[in-house]
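Only one structure is covered here, and it is reproduced in the block below.
The values are calculated or read from the model by the stated rules, or taken from the named source; none is laboratory data. What you are looking at is a predicted structure, and each value in this text was computed from that prediction instead of being measured. Using ideal geometry, Cβ is built from the backbone for each residue, glycine included, and neighbour counts are taken over all protein chains shown. Note: accessible area is taken over every heavy atom of the protein model, side chains too, but ligands, DNA and RNA are not part of it. Shrake-Rupley method; radii C 1.70, N 1.55, O 1.52, S 1.80 Å.
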Amino acid sequence: MAVSYTLSFNGRTLSLATPRIMGILNVTPDSFSDGGLWNDPDRAFAHALKMLGEGADIIDIGGESTRPGAREVSEQEELDRVIPAVEKIWRETGCWISVDTSRPEVIREAVKAGASVWNDIRALGLEGAVSAAAALDVPVILMHMQGKPRTMQQAPHYDDVVSEVKEFLLSRATCCLDAGVRRERIMLDPGFGFGKSAEDNYTLLGHLEELCALGYPLLSALSRKSMLGAATGVKDPKERVSASVAGHLISVMKGACMVRAHDVAATKQALDVYAAMRQACKD
Ligand code: 7PM
């Protein structure tokens with residue numbers, strides 16, 4: 001409880017003492033819940049501005065669709081999508097920017113263009129990723145996934161999902177530390193929806209405090225995901241705003257330091273209520 005995490009890069013620090021909102025900016029033509037909307041730097045910038053105005057603390061820019069069955073994107077294609085958006089948003093706002101990529105070359109270029117966090121659904125599993133993170137000295141988000149994006153939802157299976165996710169995340173964190181990544185640069189993420197049944201996801205959500213007890217700040221990212229459709233029957237991801245807010249509020253109450261959301265204004269309202277309660281109850 002008394003521990004207070006931060007994210008730091010290039011002499012700037014973002015306190016995680018109060019829970020933060022990461023606003024999702026997809027620059028892909030085919031993302032499942034807002035596909036194709038932001039596929040040029042000006043529109044990406046406009047959407048980033050809107051989310052910052054609504055209370056986002058960091059903008060997460062992703063150019064690789066990880067939808068099950070999605071086509072692979074070449075490195076050049078990913079660079080072409082991501083870098084112009086990073087450049088423009090950084091130049092115009094100076095805000096915190098994370099980039100959702102697994103490729104060392106993409107994060108190197110993104111950092112040059114103004115990004116300050118590496119968000120990797122493959123937990124720095126690609127060749128050269130861990131050493132690139134150490135060399136860049138950039139904060140990293142290590143996410144759990146079972147299998148590969150294309151096939152991960154075919155038959156996810158765990159003997160004990162909570163233990164297995166914990167073990168994986170700790171082993172990736174250790175790998176980073178061994179390669180010279182600083183401890184305070186590491187964040188963890190259970191990877192809701194990545195090779196997990198709805199029940200697996202809810203088991204993880206219900207035990208989130210155990211993941212928070214691993215000693216690293218935790219990101220919870222369940223915005224609009226199908227686990228919410230499973231609980232509510234709401235088919236259209238865009239209609240899952242209240243469900244997303246509920247899941248993120250549960251996450252924060254269990255100790256998550258950051259939530260990754262499409263619907264920033266609604267998320268901010270919930271976190272403000274939480275903050276008011278915390279403020280009233282502080283000794
Ligand atoms: C299609 C399928 C499009 C899935 C987009 C997605 C996470 C992430 C994503 C997450 C972290 C989405 C996902 N999910 N990064 N990037 N954690 N750290 O629903 O759970 O946005 S992409």
Restricting attention to the stretch 157-200, report how many residues are buried (at least 22 other Cβ atoms within 10 Å of the Cβ) and aromatic (Phe, Trp, Tyr). 2
Tell me the strands (runs of 3 or more DSSP E) entirely within the stretch 8-106 that contain at least 2 residues that are open to solvent by 40 Å² or more (accessible area, probe 1.4 Å) and either within 27 Å of residue 148 (Cβ to Cβ) or at pLDDT 95 or above (or both). 12-15
Taking the stretch 196-206 as the region of interest, how many residues are more than 15 Å from the ligand (Cβ to nearest atom) and part of a loop (DSSP other than H, G, I, E, B)? 1
Just for the stretch 157-192: of the residues that are in a loop (DSSP other than H, G, I, E, B) and touching a helix residue (DSSP H, G or I) at 6+ places or on another chain (Cβ under 6 Å), which one is nearest to the ligand (Cβ to nearest atom)? 192
Candidates 146, 154, filtered to the one that is farther than 18 Å from residue 23 by Cα, open to solvent by 60 Å² or more (accessible area, probe 1.4 Å) and not in a helix (DSSP H, G or I): 154
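Answer yes if at least one residue in the stretch 262-277 is within 19 Å of residue 120 (Cα to Cα), crowded, with 19+ Cβ neighbours inside 10 Å and within 16 Å of the ligand (Cβ to nearest atom), and no otherwise.
Yes, because at least one residue in the stretch 262-277 is within 19 Å of residue 120 (Cα to Cα), crowded, with 19+ Cβ neighbours inside 10 Å and within 16 Å of the ligand (Cβ to nearest atom).
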Residue ID - nearest to the ligand (Cβ to nearest atom), chosen from residues in the stretch 207-254 that are within 20 Å of residue 160 (Cβ to Cβ), open to solvent by 10 Å² or more (accessible area, probe 1.4 Å) and part of a helix (DSSP H, G or I): 212
